[in-house]
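Single-structure report; data block below.
Read-outs throughout are calculated quantities, based only on the coordinates presented, and are distinct from any laboratory measurement. Just so we're clear, the structure is a prediction, and the values are computed from it rather than from any experiment. No Cβ is skipped: glycine too gets one built from the backbone with ideal geometry, and neighbour counts run over all protein chains shown.
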């Protein structure tokens, strides 16, 4: 086969190739999925963005949270989600098994806000508690409702977020959650 024919064949085979997202590494590579999420999203950004999402989600009636019971359940979930995400980052940056070659630690520039000193020393306390408290299916649905509430919001807070990033951030949080449920083998 000529060089040109080989090049064309390789281009044809690769024309549908896309870079893997963290969620695409699951279920086979949960540690790498966690590492990628932590590499792609800065914790400071996430914990600045999610409170805006939270206010957006609860400030209009075009979301799953216009029903009082759903709103109350979501507030409780949100209050547990932030420490979970923070614990996941502490785990990834300080505790993750070193044998995972795709993980290259970066300088830790975040100071945990939601974790006690004990929880920072052992972030799995929070991660296990979250995974045992919420069934995975519930988390998937709640995260989807959260995303939709942000996407359908039409008020002044919409200018405070980068709209395209909402779907990416949602997908990365989903990957983080799914990876820990797989590691802990919780359903």
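A few comments on the model shown:
- Whether the range 23-184 is rounded, prolate or oblate, judged on the alpha carbon gyration tensor where a/c under 1.5 counts as rounded: prolate
- Potential lengthening between residue 128 and residue 79 on full extension [0.36 nm per residue; Cα-Cα distance subtracted]: 16.1 nm
- Remark: spin-label model distance residue 138-residue 154 equals 3.3 nm, labels positioned 7 Å along the Cα→Cβ axis.
- Sorted by Cβ neighbour density within 10 Å, fewest at the top, the residues 165, 61, 80: 61, 165, 80
- Label-point gap, in nm, between residue 95 and residue 52 - each point 7 angstrom along Cα→Cβ: 3.0 nm
- Here 185, 113 are placed in order of increasing Cβ neighbour count within 10 Å, fewest first, which gives 185, 113.
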